[in-house]
Structure formats: C-alpha cells, structure tokens
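Shown next, in structure tokens, is the structure this report addresses.
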Amino acid sequence: MSGGTALVNRPVITAWSAVSPFGIGRAAFTEGIRERRPAAAPLEEERWRAAGDRACLVPDFDLRTVLGKKGVRSMDRVTGLAVTTVARLLDDAPRNRWVATGEDAALVLGTTTGSVQSQMDFTRDSLTGEKPYLVDPARFPNAVMNCAAGQSAIWHQLKGPNTTIAGGHAAGLYALNYARRLLTFGRARTVLCGAVEEFSHARSWLESHAHQPDTEGPAQLPGEGCGLLLVEQRGPDARDGADARDGADAPDSPDARDGAEQPVLAEILAVEMGIALDGGVRPALAACLRRALDRAQVRPEEIWAVSTSEAPGPSGEQERAAVAEAAGGADPVHLTQAALIGDTGAAAAAFQIAGVLVHAETTPGAAGRVALVTSVDRDGAVGCALLRLAGPR
C-alpha cells in the first residue's frame, strides 16, 4: 500500500490538548516541544517534602485559579489535571464541544493507580484519626482509581462509556486501543482518550524506592500532566493536511455535530499491546511491532518517525533494539521529550503521541507519512501504535 493512502474506516485523531510541564493547553505544549525547553524546576521543600529537590511540574497549577472555587474543595491534583485537560480540549474549537459531549461521547483515561497521595492520605486518616477512626467522607472518592474520569464526565457532560485503565507508562496506548474498540463496535460516537499522572509527595518516594540505580542508571526527574486525544471514526467530510482547520467555521446550530467538517490530524492504523515476561522486552515488543505492521499493511521502510518511551536501563536498550529491528534498514526520525518534561508516568504515551502530532504539524512532507509510538513499563506492559499523519495544517 502506498504511503499516502488512508485505510478505510480506521479511527482518526481530530483534536488534542495537554496540561503538561510546559503549561496549560495545546499551545503551551507545542511551544515547549518546538523550543526544546527543559521544564525542570526546584521544588518547594516545605510544600512537597519529596524524595528529590527538582521535578517537572505543571507551572502555577492551582485548582481554584484554573477551575474556579465551586466544586474543587475536595478535588485532588490528578482529578484537577484531568478535568482541566478535558475543558481545554473542548474549548479549543466549537466543533470539539459539539461532537465530544452528550450521550454518545465516551471518556477513556489511563492511569497508574489513580492518586497515590489520596489513597495514602485516606488510609493514614483511618489509622490515626480519633476512634472510631473518623475520616473525611468527602475525600473518599479521590481514593478510588476512576475518580478523575468520573469527575471529568460529570463536569463536562460526557454521558457515554466512562472507563479508567491502569497501565503504568503504557496506559495511554491501552486507552487508545480501548477507544478504537468502542468506536469499532458502535459503543460511542466520539471518544476522549488519554492518560493522567500527578506529582506528589507519595509518588516521589514510591518512585525513589522502586528505582534501581545499579541497572537503570540515574533516575529521571519526575513529571506530571495529562494528555488527551479526540478520536472518531473517519467521516465522509474529513479534511486532511492543510485543509484541516480546527472547526472555527463550523455552523452554529444544534445539529452542528452533523454539519461540521471533520479535521483529521492522524489516522490510527494499528495499536498492539503485549506483556514482557522475565525482562524479555525486546521479543515481546518486536512481536507487537510485527502484528501492527501487518495489520496496518505498512512496510518497515515506510516508518518515518519514532517516539519511544525512553525507558531507563536494559528495558530502554531492548526497546530501541526492537524498534531498530522493525524499521529494517530505514533511518526514521527519533523524537524525544523525557529530558524536557521528565518521567510523566501514565501520561507518557499520550504525551508521545502529542509530540508526534506537533512534529507533523510543522514538518513539510509529513502528510501521509507513518509514525511509530512505543511504550515499555517496568511491570512488563509493552505496546505500540502506528499513525498515518495528516501533515502541516
């Protein structure tokens, strides 16, 4: 199949947004990636009491400032990041809100385990509070893994399927695959899918104890944020490349979701997941890559750009080896961002996809090219996604 030919009835990415260490919104993420601007900053010791003294935090992220005072008293940081990202994506263009809210709008959110800080705080209160072990009931929902997705749906009127998927660094790809299945089987008309991770005192110490310097080398700085994609089935009114605007000229009517043209940023050719047993990242990921290339009908030499998870130590070496094997003799562009925004945990793969889209938007000749995104988690989850890019708008 030629590099510029779209496969029929494949889901497409029509919009995206991010709340990242570069700032709040798509524009901030795009600017940070283009400038290659490191986001690390010193931590306030008294506030965070973290395992380290630097991290890549979302700058000036205060829930009351960003979301207003109503409804945020008991909201934790991970929920605030998710709710804010959904708001930014929906507000980026009129069409986004028309098609991505209501009865047929689903939300799929990847995570590591929800908010570790909220879980530990609630557990501590149950052990240290005055008998009969009184806790603040308003804080209990935050200790549940699907709190961020549920609150995002409530805030923004997303009334379709609401799913939280725990997958560590690969959570964004698990969410993308789940979104693809919802659309394929008609369970939703549009899906907001992505992943979220917060920085916290608890997470910093857990990561510090889990890190193995002898095999993994120096630890990456922790990061945080939420990346979100708007995924739909490709419609007859789709617009690729230079013709794909953000829907600002869409008709202002109750039926706008049917009349607005569909701006396509990338086509989702394949998503494949696997499990690496006993540290065998390379064979597990290589098998995912072979299945993805076969499903997408893409030749190895067609891979134009690659974004790996930049896993530390031997896992990262095996990830790179599997990608090199899949690409054959090709020499794709390698996109990196961990050095800029740190280890963003569950949000990493979603940020990788956003980074690929930023690169495609500003690169002449990107239209019709294929990008590969791979992910490796220390607990054994591996995965990949193949995207056919629409190119500069």
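Observations on the model:
- Taking Lys and Arg as +1 and Asp and Glu as -1, the other residues whose beta-carbon sits under 15 Å from that of TYR174 total -2.
- Calculated accessible area for the chain comes out at 43 Å² per residue, all protein chains present (probe 1.4 Å; ligands, DNA, RNA ignored).
- Mean sequence separation of contacting Cα pairs (under 8 Å, at least six apart), scaled by the length of segment 115-193, corresponds to a relative contact order of 19 percent.
- Dividing the C-alpha radius of gyration of the chain by 2.2 N^0.38 Å, with N its residue count, gives 0.95.
- With loop membership from DSSP and a limit of 16 other Cβ atoms within 10 Å, the longest segment of the chain without GluC sites (Glu not before Pro) is 131-393.
- Label-zone membership for segment 104-137, site TRP205, 7 angstrom Cα→C-beta point, backbone N under 14 Å: 116-125
- Cα gyration tensor shape for segment 311-393, rounded if a/c is under 1.5, else prolate or oblate: oblate
- The chymotrypsin sites (Phe, Trp or Tyr not before Pro) of segment 109-187 that meet both conditions, a loop assignment by DSSP and at most 11 other Cβ atoms within 10 Å of the site Cβ, are TYR133, PHE185.
- Carbon and sulfur %, accessible surface of the chain computed with the full protein complex present, 1.4 Å: 51
- At most 13 other Cβ within 10 Å, DSSP loop - trypsin sites (Lys or Arg not before Pro), segment 65-146: LYS69, LYS70, ARG73
The values are calculated or read from the model by the stated rules, or taken from the named source; none is laboratory data. Quick caveat: nothing in here was measured; it's all calculated off a predicted structure. Every residue, glycine among them, receives a Cβ derived from its backbone with ideal geometry; neighbour counts consider all protein chains shown. Quick note on the areas: whole protein, heavy atoms, side chains included, nothing else; ligands and nucleic acids left out. Shrake-Rupley method; radii C 1.70, N 1.55, O 1.52, S 1.80 Å.
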